[in-house]
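Asker: I'd like to ask some things about the structure below.
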Amino acid sequence: MRAVTLQASGRVQGVGFRWATKVAADKCGVNGIVRNLMDGSVFIEAEGEDQRVQVFIDVIKQSPTDFGKVTKLIVNDVEPQNYHNFRITN
């Protein structure tokens, strides 16, 4: 089990990024949350099997939506929060 927080910067708000992140999380089989931050970035918590989380991180690095562009991605390993699904929180 691996749990991470991600902070994606670039063109990540107003382009369907949170919705596409949820779709990607569901496809990858990871649980967690995604939300916009006041500074224009997007915050993600994701947890699941190590390999599934890594695939999810790779998808986010490439931007899960064609309209977005991730220019910076900060990844931190954290303690799992035991999410039961993946949801958009704002």
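The values are calculated or read from the model by the stated rules, or taken from the named source; none is laboratory data. What you see is a predicted model; the values in this text were computed from it and never measured. As a convention, Cβ positions derive from the backbone with ideal geometry for all residues, glycine included, and neighbour counts pool all protein chains shown. The area values use the complete protein model at the heavy-atom level, side chains included, leaving out ligands, DNA and RNA. Shrake-Rupley method; radii C 1.70, N 1.55, O 1.52, S 1.80 Å.
Asker: What does the charge dipole of the chain about its Cα centre add up to, to the nearest 20 debye, if the Cβ of each Lys and Arg holds +1 and the Cβ of each Asp and Glu holds -1?
Answerer: 360 debye
Asker: What residue among 58, 39, 77 shows peak mean-square fluctuation when the chain is described by a Gaussian network model with Cα springs under 10 Å?
Answerer: Its mean-square fluctuation being the largest, the pick is 39.
Asker: Let me ask another. Using modelled amide H (1.01 Å from N, peptide plane; none on Pro or chain starts), what sits under 5 Å from the amide H of residue 86, excluding residues fewer than 5 places away?
Answerer: Answer set, sorted by chain and number: 32.
Asker: Which of the listed residues, 20, 56, 73, is farthest toward the dipole's positive end in the chain, when Lys, Arg count +1 and Asp, Glu count -1 at the beta-carbon?
Answerer: Positive-most Cα among the choices belongs to 20.
Asker: Next up: Relative contact order for the chain: what percent, with Cα pairs under 8 Å and sequence separation of 6 or more?
Answerer: 48 percent
Asker: A follow-up question, please. Taking the Cα atoms of the chain alone, what are Rg (to one decimal) and Dmax (as a whole number) in Å?
Answerer: In Å, with Rg to one decimal and Dmax whole: 11.5, 32.
Asker: Would you kindly derive the ³J(HN,Hα) couplings of the stretch 14-28 from the backbone phi angles with the Karplus curve 6.51 cos²θ - 1.76 cosθ + 1.60 (θ = phi - 60°), listing them in order in whole Hz, with x for Gly and Pro?
Answerer: x, 10, x, 5, 5, 4, 5, 5, 4, 4, 4, 4, 4, 5, 7
Asker: At 1.4 Å probe size, with no ligands or nucleic acids counted, give the accessible surface of residue 43 in Å², nearest ten.
Answerer: Rounded to the nearest 10, the figure is 40 Å².
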